[in-house]
Amino acid sequence: MPHLIGDTIILREYRREDLVGMREWCNDPEITQYLSDAFLYPHTLSGTETYLNTMLEGSSETKGFVIADRMTELYIGQIDLFRIDWKNRYAVMGMVIGNAELHNQGIGSAAIRLLQQFVFEELNLKRLELEVHDFNVRAIRCYTKCGFREEGRLRSKHFSRGEYSDIVCMAILQEEYLSERSGV
């Protein structure tokens with residue numbers, strides 16, 4: 001898998017040593033509260049190793065990248081493509097920055113822009129979509145900055161912290177990405 005190189009980060013392959021970085025956040029409620037219900041229960045070391053092994057072996061249908069510091073290549077987070085649909089030319093994106101101290105520094109938007117370039121210019125997909133909790137205002141702002149548009153809401157679909165919240169469905173189309181990239 002190629003490395004996608006940005007100004008301050010790279011998107012690179014998963015490596016065995018990423019296990020340490022993954023373990024730092026996978027049971028941290030400050031991080032996982034914004035993620036899917038896959039993080040509802042604690043993740044064991046064995047479970048994290050199993051996930052990492054599927055990525056290392058290429059046996060997962062999920063395809064993705066580690067977000068890493070450009071100079072050191074140390075693990076920062078992950079940005080993955082789920083459910084790639086080659087017939088209909090779309091994929092679902094998921095991302096996590098595993099260290100809360102690195103939030104609000106532009107790492108997420110830099111990673112998304114690199115992934116969009118790969119998705120739309122290399123894979124030639126038509127759309128990239130995602131779902132985000134409505135209370136994750138920081139992520140929604142990041143996605144909007146990267147050209148994603150809200151397409152709808154799944155009302156009261158997620159229960160967390162004693163209340164129901166909406167799931168916001170967002171997407172960007174290839175022509176929107178290309179138009180934004182060319183400045184049109």
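The values are calculated or read from the model by the stated rules, or taken from the named source; none is laboratory data. None of these values were measured; they are calculated from a predicted model. Cβ atoms come from the backbone with ideal geometry, glycine included; neighbour counts cover every protein chain shown. Just so you know, the surface numbers come from the protein's heavy atoms only, side chains and all, with ligands and any DNA or RNA stripped out. Shrake-Rupley method; radii C 1.70, N 1.55, O 1.52, S 1.80 Å.
Side notes on the structure shown:
- For the chain, the residue among Leu19, Gln78, Leu114 whose Cα projects farthest onto the positive side of the dipole built from Cβ charges is Leu114.
- With K and R counted +1 and D and E -1, the other residues having a Cβ less than 13 Å from that of Glu13 yield a net charge of -1.
- The chain: calculated mean residue ellipticity at 222 nm from DSSP helix runs of at least 4, using -39500 (n - 2.57): -8500 deg cm²/dmol
- Positive-pole candidate from Gln105, Ala171, Ile67, dipole of the chain, charges at beta carbon: Ala171
- Scaled radius of gyration (Cα, divided by 2.2 N^0.38 Å) that the range 17-64 gives: 1.15
- Estimated vicinal HN-Hα couplings, Hz - the range 62-72 in sequence order (Karplus 6.51, -1.76, 1.60; Gly, Pro = x): 6, 10, x, 9, 8, 8, 9, 4, 5, 7, 9
- Computed magnitude of the charge dipole of the chain (debye, nearest 20; Cβ of K, R +1, Cβ of D, E -1): 400 debye
- Label-point separation, Thr144 to Lys87 (7 Å along Cα→Cβ), nm: 3.6 nm
- In the chain, the portion of solvent-accessible area held by carbon and sulfur atoms comes to 51 percent [1.4 Å probe, whole percent, DNA, RNA and ligands not counted].
- Distance from the range 104-125 to the range 128-177 (C-alpha centre basis), Å: 17 Å
- Across the range 151-167, coupling constants 3J(HN,Hα) worked out from phi with the 6.51/-1.76/1.60 Karplus curve, θ = phi - 60°, read 10, x, 9, 9, 5, 6, 8, 10, 10, 7, 6, x, 8, 8, 9, 7, 9 Hz, and Gly and Pro carry x.
- Projecting label points 7 angstrom from Cα along Cα→Cβ for Lys63 and Asp7 puts them 2.9 nm apart.
- Shape category assigned to the range 112-159 from the gyration tensor of Cα positions, a/c cut at 1.5: prolate
- Derived scalar couplings between HN and Hα for the range 131-140 equal 10, 9, 5, 5, 7, 8, 4, 4, 5, 4 Hz in order, rounded to whole Hz, by the Karplus curve 6.51 cos²θ - 1.76 cosθ + 1.60 (θ = phi - 60°), x for Gly and Pro.
- Cα-derived Rg to Rh of the chain, Kirkwood definition: 0.94
- Where labels lie 7 Å past Cα in the beta-carbon direction, separation of Glu101 and Glu73 in nm: 2.4 nm
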